[in-house]
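Working notes for the structure below.
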Amino acid sequence: MSAVALLDYASVLIFALTGALVASRAQLDIVGFAFIASLTAVGGGTMRDIMLDRHPIFWMGDPTYILIAVSAAVLIFFTAHLVESRYRWLLWLDSFALAVAVPAGVSAALMMAQPLPIVVLMGVATGCLGGLMRDVVIGEVPLVLRKGELYVSAAFAGSLTAAILDRMGFETIIVLGGCGVVTWALRAGSLTFGWSIPVYKTRPPHQ
């Protein structure tokens, strides 16, 4: 099994759990749980494969990915009420999913010998687009765009780290491991210590 497939399995499972938790906060039925979980789980990877012209799209070539997402949705449907702070769980699960999905996107681009900018963009797209779709469909402000938080920037930093390590000739496991560590460290720092980047603030025009 390739590194991309292993990372995709892991990210599908964890992102599906986050999607199901969002569905529980929105009080959807079990079909809604399955839909939101699947959308979150495969959305980023689907866009990655479309943009890289990879055929078949990963979950169409192996429907096990959808089965994993639906199973995660069913699990959360029957157990979400046991979790005291579902939003906190959502944030931390999402951080782990991001740290797995970004290396998956990077790995796919590297396997196709894409140039550095594309490697970075595929990492960001794979890590961020599924969660973006999830939040837009539910009608929430997308987590990836919350003011001041390190999310897209964490994915970008992780992807860039991987691209640089690859160009320096490091082994694949170090490249992808470095990507995941940097991505998660920045996202976790944002959640734990409030790390952020400056945001745009309007100023009154000069008279």
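Panel note: the C-alpha atoms of segment 136-179, placed on their principal axes, show extents of 43, 20, 12 Å (largest first). Per the Debye formula on identical point scatterers at the alpha carbon atoms of segment 28-75, with no solvent, log10 I(q)/I(0) at q = 0.19 Å⁻¹ is -0.58. Ligands, DNA and RNA are left out, and with a 1.4 angstrom probe the accessible area of segment 5-87 is 48 Å² per residue. Kirkwood radius, the chain, all distinct C-alpha pairs, inverse of mean reciprocal distance: 17.1 Å.
Rounded to the nearest 500, the 222 nm mean residue ellipticity of the chain from helices alone is -25500 deg cm²/dmol, with -39,500 (n - 2.57) taken per DSSP H run of at least 4 residues. Size descriptors for segment 49-151, from the alpha-carbon set: Rg then Dmax equal 15.5, 46 Å. The length gained on full extension between Arg203 and Tyr87, counted as 0.36 nm times the residue separation minus their Cα-Cα distance, comes to 38.4 nm. log10 I(q)/I(0), Debye, Cα-only segment 91-157, no solvent, q = 0.15, 0.19, 0.22 Å⁻¹? Here log10 of I(q) over I(0) equals -0.46, -0.70, -0.87. Taking trypsin sites (Lys or Arg not before Pro) across segment 147-189, the ones in a DSSP loop with at most 15 further Cβ atoms lying within 10 angstrom of their Cβ are Lys147. Considering only protein heavy atoms and a 1.4 Å probe, what is the carbon-and-sulfur percentage of the accessible area of the chain? Ligands and nucleic acids excluded, carbon and sulfur reach 70 percent.
Its Cα gyration tensor gives segment 1-93 an equivalent ellipsoid, and the semi-axes of that ellipsoid, as √(5λ) in whole Å with the largest first, are 25, 12, 11.
Taken over the C-alpha atoms, segment 110-207 has Rg and Dmax values of 16.1, 59 angstrom. Computed extension length for Met112-Thr172: 20.2 nm, one decimal, from 0.36 nm per residue of separation with the Cα-Cα distance subtracted.
The values are calculated or read from the model by the stated rules, or taken from the named source; none is laboratory data. Computed from a prediction, not measured in an experiment: that's the story for all the values here. Cβ coordinates were reconstructed from backbone atoms using ideal geometry, including for glycine residues, and neighbour counts include every protein chain displayed. The accessibility values were calculated without ligands, DNA or RNA, using every heavy atom of the protein model including side chains. Shrake-Rupley method; radii C 1.70, N 1.55, O 1.52, S 1.80 Å.
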